[in-house]
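Participant: Before anything else, here's the structure in question.
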Amino acid sequence: MEIFSMFVVFLFLYGVFGDTVGEIVSVMEGDNVTLHTGLTEVYIGDVIDWRFGPNAILIARVNRAAGTTKLYDDVIGGRDRLNINQQVGDLIITNIRTEHSGLYKLSIHGRNKEMIYNVSVLSDKTDGVKTVPVMEGDSVTLHTDVTEIQRYHLIQWIFRNIVISSIDKTSKVRAIKKHNAKPFLKKLEVDHETGSLKIRSIRTEQCGIYILQMTSSTHTIHKRFNITIFDAVKSVSVMKEDSVTLHTDLTDIYDEILWMFEYEDSLIAAFNRTDQNVSTYEGDDGRFRDRLKLDDQTGSLTITNTTTEHTGLYHLEIISSRHTLHKSFIVNVCNAVRTIRVNMGKPVTLDSGVTKIQKYFQLLWRFGDEDTLMEFNGTNFVFSRDGKFRDRFLYHKNGSITINDIGIEHSGFYHLEIISSRHTLVKRFNVIVTVAADLERPGYISLICVAVLLLAVTVGWIIYCCRIYRRGKTWSHDLRESQKDAATTTQYSFY
């Protein structure tokens with residue numbers, strides 16, 4: 001009995017039921033797949049059934065005589081996932097998932113034709129879109145990932161609804177649609193053996209979704225690739241103990257954000273939009289403990305109280321249902337606040353450290369904790385009206401500032417913030433104004449000489465006055481004593 005059962009299964013898969021054929025179809029999760037009937041036209045008397053699973057549950061029926069097409073998407077757990085080609089009866093499964101793996105049976109009543117398709121869905125966690133990030137000017141190859149390309153008689157690469165390359169195995173001809181391939185002129189190369197597509201010296205106009213369509217006699221597989229150009233690594237400098245913010249510059253909705261340090265498997269921060277969960281990690285050696293802040297709206301990462309051990313390469317992954325974006329930042333932490341000593345009356349320049357201020361959204365110079373010296377909002381400048389900086393302040397095109405004829409009152413901390421779409425740069429300067437070296441200036445020497453002379457004259461006058469006062473006091477005392485003696489002598493003579 002057991003041998004008989006195995007024999008029945010064998011016959012079922014390999015040809016007892018009319019034209020039954022065993023066909024294995026391997027696809028990636030998220031791909032679209034079309035299972036072909038092999039018909040050129042559906043006739044009036046045809047009834048086409050598509051069934052799925054070991055119990056052969058009906059998932060689609062085309063009854064041309066009744067003029068009806070019925071789809072049962074709930075059987076495979078998804079609305080609008082199934083479709084039928086009305087011309088030939090092909091079954092189209094969109095955004096296929098791993099749970100859709102299994103046997104699909106085609107029955108064409110009236111023609112005594114049946115076929116079995118063994119569909120295997122592999123998971124790559126990309127929702128069917130394979131993201132290929134490249135730097136501008138690089139070359140990139142899009143692979144078909146098919147081991148038996150001979151099974152497919154037609155391979156087409158499509159970009160923006162235009163066939164840019166095709167291989168037709170039946171005619172042994174490879175064709176590049178040059179009349180529609182202006183952005184790809186002399187940039188495309190197709191491997192005739194594997195069907196892979198190479199794009200040389202890629203530019204922004206070649207970025208976007210590429211569709212690979214591979215057609216055999218029994219099915220068609222659709223694959224999607226998203227080519228994105230990522231920016232060159234951004235370099236950010238920050239002073240030790242300052243904070244730095246690395247901006248994601250997000251414009252699209254995203255599902256997940258991952259921040260890594262140095263190595264792409266060293267996760268330091270993550271945000272999952274589905275469960276609204278923000279997570280930060282201290283790192284293997286604890287260097288990020290209590291220093292990370294992740295914005296759950298923008299995904300930007302702030303590192304507070306930075307030290308030199310936070311210098312390094314930071315990786316950002318922005319994951320959505322369609323693609324993954326990759327960005328990188330190099331953070332350079334400089335030691336402490338920069339101290340600048342300057343002689344009173346001389347100019348001092350505080351260097352911003354940037355070359356093109358136009359690429360930044362905002363620049364702000366502050367003196368102390370609150371006094372705003374200068375603000376740049378991307379187009380306009382606003383300068384301080386503080387009296388102690390009046391007619392002393394000079395602004396440079398790169399965001400640096402010069403303070404002319406500096407005085408003691410200008411000593412203190414100067415704070416600079418430069419904000420771009422990718423990061424916030426913070427710098428601090430401690431300006432110390434001294435007076436010792438200024439004694440060499442002729443103007444100050446003359447002033448000091450005059451001051452010393454006036455001081456000497458004043459002291460001399462005071463001493464002279466004191467002496468006159470003391471002499472006057474002594475003379476008055478002697479006069480009184482003389483008068484007293486004279487009175488005494490006169491009295492004695494009278495008696």
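The values are calculated or read from the model by the stated rules, or taken from the named source; none is laboratory data. Owing to the predicted nature of the structure, the values given are computational and were not obtained by experimental measurement. Methodologically, a virtual Cβ is constructed for each residue, glycine included, from the backbone with ideal geometry; neighbour enumeration extends over all protein chains shown. Just so you know, the surface numbers come from the protein's heavy atoms only, side chains and all, with ligands and any DNA or RNA stripped out. Shrake-Rupley method; radii C 1.70, N 1.55, O 1.52, S 1.80 Å.
Participant: Would you mind telling me which numbered condition in (1) modelled with pLDDT of 90 or more; (2) more than 20 Å from ASN332 (Cα to Cα); (3) in a loop (DSSP other than H, G, I, E, B) SER279 fails?
Facilitator: Answer for SER279: the failing condition is (3).
Participant: On to the next question. For residues that are touching a Phe, Trp or Tyr at 6+ places or on another chain (Cβ under 9 Å), in a loop (DSSP other than H, G, I, E, B) and among the acidic types (Asp, Glu), tally how many sit in the stretch 290-319.
Facilitator: Within the stretch 290-319, the first condition is being touching a Phe, Trp or Tyr at 6+ places or on another chain (Cβ under 9 Å), and the residues that meet it are 292, 294-296, 299, 301, 303, 310, 312-319.
Those still in the list that are in a loop (DSSP other than H, G, I, E, B) too: 295-296, 299.
From what's left, among the acidic types (Asp, Glu): 295-296.
Residues flagged as touching a Phe, Trp or Tyr at 6+ places or on another chain (Cβ under 9 Å), in a loop (DSSP other than H, G, I, E, B) and among the acidic types (Asp, Glu) within the stretch 290-319 amount to 2.
Participant: Let me ask another. In the stretch 291-350, how many are modelled with pLDDT of 85 or more, under 26 Å from VAL129 (Cβ atoms) and open to solvent by less than 20 Å² (accessible area, probe 1.4 Å)?
Facilitator: 5
Participant: Follow-up. Kindly list, by first and then second residue, each pair from a residue in the stretch 159-187 that is closer than 20 Å to THR144 by Cβ and among the acidic types (Asp, Glu) to a residue that is modelled with pLDDT of 80 or more and open to solvent by less than 60 Å² (accessible area, probe 1.4 Å), limited to pairs with Cβ atoms under 8 Å and residues at least 6 apart or on different chains.
Facilitator: Hits for this filter: ASP168/LEU154.
Participant: Just to be sure I understand, how many residues within the stretch 286-302 are closer than 18 Å to VAL333 by Cα and in contact (Cβ under 8 Å) with a residue 24 or more places away in the chain? Explain how you work it out, then say what you get.
Facilitator: Quick first cut of the stretch 286-302, residues closer than 18 Å to VAL333 by Cα only: 286-293, 301-302.
Going one step further and asking which of them are in contact (Cβ under 8 Å) with a residue 24 or more places away in the chain, we end up with 288, 292, 301-302.
Selection size over the stretch 286-302: 4.
Participant: Please find, within the stretch 86-107, the residue that is most open to solvent (accessible area, probe 1.4 Å) out of those that are under 10 Å from TRP50 (Cβ atoms) and in contact with an Asp or Glu (Cβ under 8 Å, 6 or more places away or on another chain).
Facilitator: LYS105
Participant: Take GLU41 and decide whether it is part of a loop (DSSP other than H, G, I, E, B) and among the acidic types (Asp, Glu). Before you say what the answer is, go through the steps one by one.
Facilitator: Working: part of a loop (DSSP other than H, G, I, E, B): yes; among the acidic types (Asp, Glu): yes.
Yes, satisfied.
Participant: If you don't mind, another one. Kindly provide the set of residues from the stretch 98-115 that are β-branched (Val, Ile, Thr) and at pLDDT 90 or above, ordered by number.
Facilitator: Of the stretch 98-115, the ones β-branched (Val, Ile, Thr) are 98, 108.
Across the stretch 98-115, the qualifying residue is only ILE108.
Participant: Can you find even one residue in the stretch 258-272 that is farther than 23 Å from CYS334 by Cβ, surrounded by fewer than 15 Cβ atoms within 10 Å (Cβ to Cβ), over 18 Å from the mean Cα position of the chain (by Cα) and modelled with pLDDT under 90?
Facilitator: The answer is no; no qualifying residue exists.
Participant: Mind listing whichever residues of the stretch 405-428 are open to solvent by 30 Å² or more (accessible area, probe 1.4 Å) and at pLDDT 80 or above?
Facilitator: Within the stretch 405-428, ASP405, ILE408, GLU409, SER411, PHE413, HIS415, GLU417, ARG428 qualify.
Participant: Name the single residue that is modelled with the lowest pLDDT among those in the stretch 175-218 being part of a strand (DSSP E or B) and touching a helix residue (DSSP H, G or I) at 6+ places or on another chain (Cβ under 9 Å). Outline the logic, then answer.
Facilitator: To start, the set of residues in the stretch 175-218 that are part of a strand (DSSP E or B) comprises 175, 188-190, 197-199, 208-215.
Those left that are additionally touching a helix residue (DSSP H, G or I) at 6+ places or on another chain (Cβ under 9 Å): 199, 214.
Details: ILE199: 85, MET214: 88.
The qualifying residue modelled with the lowest pLDDT is ILE199.
Participant: Hey, among ASN83, ASN55, which residue is in a loop (DSSP other than H, G, I, E, B), without any contact (Cβ under 8 Å) to a residue 40 or more places away in the chain and open to solvent by 10 Å² or more (accessible area, probe 1.4 Å)? Walk me through how you get there before you give the answer.
Facilitator: On the way: ASN83 fails: in a loop (DSSP other than H, G, I, E, B).
On inspection, the qualifying residue turns out to be ASN55.
Participant: Mind checking whether some residue in the stretch 67-78 is under 30 Å from LYS130 (Cα atoms), free of Cβ contacts under 8 Å to residues at least 40 places away in the same chain and basic (Lys, Arg)? If you could, list the steps in order and put the result at the bottom.
Facilitator: Within the stretch 67-78, the subset under 30 Å from LYS130 (Cα atoms) is 71-78.
From the residues that got through so far, the ones that are free of Cβ contacts under 8 Å to residues at least 40 places away in the same chain too are 71-78.
In the following step, the residues that additionally are basic (Lys, Arg) were identified as none.
Within the stretch 67-78, none of the residues are under 30 Å from LYS130 (Cα atoms), free of Cβ contacts under 8 Å to residues at least 40 places away in the same chain and basic (Lys, Arg).
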